[in-house]
Amino acid sequence: MELSVGGEYGIVIDAVGAEQFAWLRERAYAGWVLIMDEETERYCLPRIERYLGSTPLVKIVVPAGERHKHLDTCKFIWEEMFRGGVGRRWCCLNLGGGVIGDMGGFAAGTFKRGIDFVQIPTTLLSQVDASVGGKLGIDFYEVKNSIGLFANPQAVWVDAGFLGTLPEREIRSGYAEIIKHALIADEQQWSELRDIKDIRGLDWPAVIERSVDIKRQVVLKDPFERGIRKALNFGHTIGHAVESYFLHREDRLLHGEAIAIGMITESWLSHETGDLSAAALDDIRDYCLRVYGHQHVPEASFPVLLDLMRQDKKNDTEAINFTFLEKPGEAVVNKTATADMITRSLAYYNSLGS
């Protein structure tokens, strides 16, 4: 299956193999850069290594994890590119999860004013969300993705076979983006997801295709996030702040776990300030708690979280910008909430664990 993003690039949902690499060779690049982290080098590289052939290749391995998604790691990538003789007619292959896709794409998009790149996402999170849409970047000043750019890949190769290399917790993390896509744009899919008791038995290629297509359609309408594309940030204003806060703690949260907190709190805000029904809020709350459990957010962190939200790149003014739900399947962008309301939403979430 291949989905086109406005003729700019294709998203191939299939096993990565000889066909994709033959397509890449036909483009006659001078060489390839392969960016991966320690985990994907160990678990994912063997799946594609036999297709690399004799094309000049520079392999760059970086530490795994969101805490390494920063300028120093990019500096290392750029230095390795220079040492390897990488030029403008090279192509960068980003083999990994959302961190590698975001950071590898950012490094490629800025190296010598930009070289081509291909996304090969290996986590569920990156397959349904991070690899699609051309948003690239790194974390800076403790704010997620605050330095970056828009640049489209030459292709995205989505291979559900890579999911077999992941622990169950990582699968659940990526599943949060599937929930989000359904809540903002596909009421029927949300109804289907609510009936799923165990996500381990899902037909992942079919689920991934449906979720990717939701994001693809939103991106086509608003490639530079000036309007409706902000709907994709549902759950992320609070969720990103929570993720950043927990990043350097021993009880660190994965992205999807933090976004689940964001979806519950932002659904509560949608109900308190807008049209989302109490029944819909209850459904979203109960489902997210069933999949992700409950993680207490220390009350002492609330001022820190608010400061992180104020730094969010989606804000156009001093107000904190949100996407709210009118009902499952329908989102409304450019909504705001007061600091008091946001604090109350976090208190509401904490009360669910008592």
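How many of the residues making up the range 317-353 are of a type outside the set (A, V, I, L, M, F, W, C), part of a loop (DSSP other than H, G, I, E, B) and either more than 15 Å from SER270 (Cβ to Cβ) or touching a strand residue (DSSP E or B) at 6+ places or on another chain (Cβ under 7 Å) (or both)?
Number of matching residues: 3.
A quick yes/no check of all residues on (1) more than 20 Å from GLY6 (Cβ to Cβ); (2) outside the structural domain of ALA15 (by TED's automatic domain parsing); (3) of a type in the set (A, V, I, L, M, F, W, C):
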{"site": "ALA185", "(1), (2), (3)": "no, yes, yes"}
{"site": "ARG194", "(1), (2), (3)": "yes, yes, no"}
{"site": "ASP198", "(1), (2), (3)": "yes, yes, no"}
{"site": "VAL207", "(1), (2), (3)": "yes, yes, yes"}
{"site": "PRO223", "(1), (2), (3)": "no, yes, no"}
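Taking the condition of being more than 30 Å from ASP307 (Cβ to Cβ) and buried (at least 24 other Cβ atoms within 10 Å of the Cβ), how many residues in the range 133-154 meet it? Full working, then the answer.
Of the range 133-154, the ones more than 30 Å from ASP307 (Cβ to Cβ) are 152-154.
With buried (at least 24 other Cβ atoms within 10 Å of the Cβ) added as a condition, the list becomes 153.
Number satisfying all stated conditions: 1.
Of a type in the set (Phe, Trp, Tyr), over 18 Å from the mean Cα position of the chain (by Cα) and buried (at least 23 other Cβ atoms within 10 Å of the Cβ): does that describe TRP90?
For TRP90, the condition - of a type in the set (Phe, Trp, Tyr), over 18 Å from the mean Cα position of the chain (by Cα) and buried (at least 23 other Cβ atoms within 10 Å of the Cβ) - is met.
Would you please list the contacts, defined by Cβ atoms under 9 Å and residues six or more apart or on different chains, that run from a residue in the range 74-96 that is in the same structural domain as GLU49 (by TED's automatic domain parsing) to a residue that is in a loop (DSSP other than H, G, I, E, B) and among the basic types (Lys, Arg)?
Within 9 Å, the pairs are CYS91/ARG27.
Can you work out which of the residues in the range 216-268 that are among the acidic types (Asp, Glu) and out of contact with any Phe, Trp or Tyr (no Cβ under 9 Å at 6 or more places or on another chain) is surrounded by the fewest Cβ atoms within 10 Å (Cβ to Cβ)?
Going through the qualifying residues, I end up with GLU250.
Pairs under 7 Å by beta carbon, first residue under 15 Å from PHE324 (Cβ atoms) in the range 224-251, partner acidic (Asp, Glu) and surrounded by fewer than 24 Cβ atoms within 10 Å (Cβ to Cβ), six or more apart or different chains?
Cβ pairs passing all conditions: ILE228/ASP222; THR237/ASP312.
Output the number of the condition that SER173 fails; it satisfies all remaining conditions of (1) assigned by TED's automatic domain parsing to the domain that holds ASP14; (2) buried (at least 24 other Cβ atoms within 10 Å of the Cβ).
Result: SER173 fails condition (1) only.
Name the residues in the range 63-115 that are aliphatic (A, V, I, L, M) and closer than 30 Å to GLY164 by Cβ, would you?
ALA64, ILE77, LEU93, LEU95, VAL99, ILE100, MET103, ALA107, ALA108
For GLN311, which of the numbered conditions (1) buried (at least 20 other Cβ atoms within 10 Å of the Cβ); (2) in contact with a strand residue (DSSP E or B) (Cβ under 7 Å, 6 or more places away or on another chain); (3) not aliphatic (A, V, I, L, M) fails to hold?
For GLN311, the failing item is (1).
Would you please list the contacts, defined by Cβ atoms under 9 Å and residues six or more apart or on different chains, that run from a residue in the range 260-289 that is free of Cβ contacts under 8 Å to residues at least 40 places away in the same chain to a residue that is hydroxyl-bearing (Ser, Thr, Tyr) and in a helix (DSSP H, G or I)?
GLY262/THR237; LEU281/SER267; LEU281/SER270
Would you tally the residues in the range 219-252 being among the charged types (D, E, K, R) and at pLDDT below 90?
Number satisfying all stated conditions: 5.
Does GLY114 fit the bill of being closer than 28 Å to LEU220 by Cβ, outside the structural domain of HIS248 (by TED's automatic domain parsing), crowded, with 19+ Cβ neighbours inside 10 Å and touching a residue at least 12 places away in the same chain (Cβ under 8 Å)?
Working: closer than 28 Å to LEU220 by Cβ: yes; outside the structural domain of HIS248 (by TED's automatic domain parsing): yes; crowded, with 19+ Cβ neighbours inside 10 Å: no; touching a residue at least 12 places away in the same chain (Cβ under 8 Å): yes.
So GLY114 fails the test.
Does ARG290 qualify as being surrounded by fewer than 23 Cβ atoms within 10 Å (Cβ to Cβ), part of a loop (DSSP other than H, G, I, E, B) and either touching a strand residue (DSSP E or B) at 6+ places or on another chain (Cβ under 6 Å) or assigned by TED's automatic domain parsing to the domain that holds THR338 (or both)?
So ARG290 does not fit the description; no.
Quick one: count up the residues across the range 277-287 that are buried (at least 24 other Cβ atoms within 10 Å of the Cβ) and not in a helix (DSSP H, G or I).
0
The values are calculated or read from the model by the stated rules, or taken from the named source; none is laboratory data. Note that the structure is predicted; figures quoted are calculated from it, not measured. When we count neighbours, we look across all protein chains shown, and the Cβ atoms used for this are built from the backbone with ideal geometry, even at glycine.
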